[in-house]
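The values are calculated or read from the model by the stated rules, or taken from the named source; none is laboratory data. What you see is a predicted model; the values in this text were computed from it and never measured. All Cβ positions, even for glycine, are placed from backbone atoms using ideal geometry, and neighbour counts span all protein chains on display.
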Amino acid sequence: MKYILASSSPRRRELMKEITPEFLVCPSNIDENSPRDFSIREKVAFVARNKGLSILEKYPEDLIISADTIVVINNQIIGKPVDKEDAKRILRLLSGNKHEVLTAFTIFYKHKEISDIVSSFVYFNKMSEQTIEEYVESLSPLDKAGAYGVQDNEKYHFIDKVVGSIKNVIGFPVEEIKEAIRKIEE
C-alpha cells in the first residue's frame, strides 16, 4: 500500500511528511466548481472528495488523501486571488476582521471512505496600505486561498491569533487526518 496525496500544494506536501515519510504526489486536475445551491460546507466537501475520486481509479488499492481549503468572511467564500489587485482587495477585506478557514478532507482506502471538515478562526490585525502593498509584491499571497499564508505572518504580522488548528489554516489539518487514517485502516 502506498500513501497518495491528491494535491499540488507545496504546503500540503510539507505537512504530509508529518503523516508518513514516503508518499506519492498526484495532483488532481478537476473543475473546482460545485453546484450553486450547495452550502459553503457542502461546496468545500464536494471539491475535496472529487479531488480524491479523480485519483482513485488509478490507485484503487492505495490510501488516497485529498483536501480543499476555503476562507469564509461574512458568509462569503474567498478563494485564491486572480491577480495582485484582487489580492489587495481580499487583504483589505480581512484586515482588522475575523474569518473562518474550512478544510475538507477525504480519505479513500480499500473501498472505504472517510470525510471531515475542520474549522479554525483567524483574527487579523489592521493592515496598513504599505504592508498590503509590500506583501502582495512578494507574490506569496497569489497562490493561496484568502490571499495569505500563515507562514508569512512572522514577517508581515497580519495575524493577531488563530483559534483552532493552525495546520488547518495552512490547508492540511494533520492531527485530524491522522485520526481518520487510524479509523479507516481498522
Set 40, 70: member being touching a Leu at 6+ places or on another chain (Cβ under 6 Å) and among the hydrophobic types (A, V, I, L, M, F, W, C): 70
Among the candidates 30, 64, residue that is among the β-branched types (Val, Ile, Thr), under 28 Å from residue 182 (Cα atoms) and out of contact with any Ser or Thr (no Cβ under 7 Å at 6 or more places or on another chain): 64
Residues (among the polar types (S, T, N, Q) and more than 25 Å from residue 175 (Cα to Cα)) located in the stretch 65-101: 74, 75, 76, 95, 97
Residue 176, sole failed condition from (1) touching a Ser or Thr at 6+ places or on another chain (Cβ under 9 Å); (2) surrounded by fewer than 19 Cβ atoms within 10 Å (Cβ to Cβ); (3) at pLDDT below 95: (3)
Every residue from the stretch 10-49 that is modelled with pLDDT of 90 or more and part of a loop (DSSP other than H, G, I, E, B): 17, 18, 19, 20, 21, 22, 23, 26, 27, 38, 39
Listing of helices (runs of 4 or more DSSP H) fully contained in the stretch 91-186 that carry 3 or more residues being without any contact (Cβ under 8 Å) to a residue 40 or more places away in the chain: 129-137, 153-156, 174-185
Scan of the stretch 102-156 for residues that are among the polar types (S, T, N, Q), surrounded by fewer than 19 Cβ atoms within 10 Å (Cβ to Cβ) and closer than 16 Å to residue 170 by Cβ, ordered by number: 119, 140, 151, 153
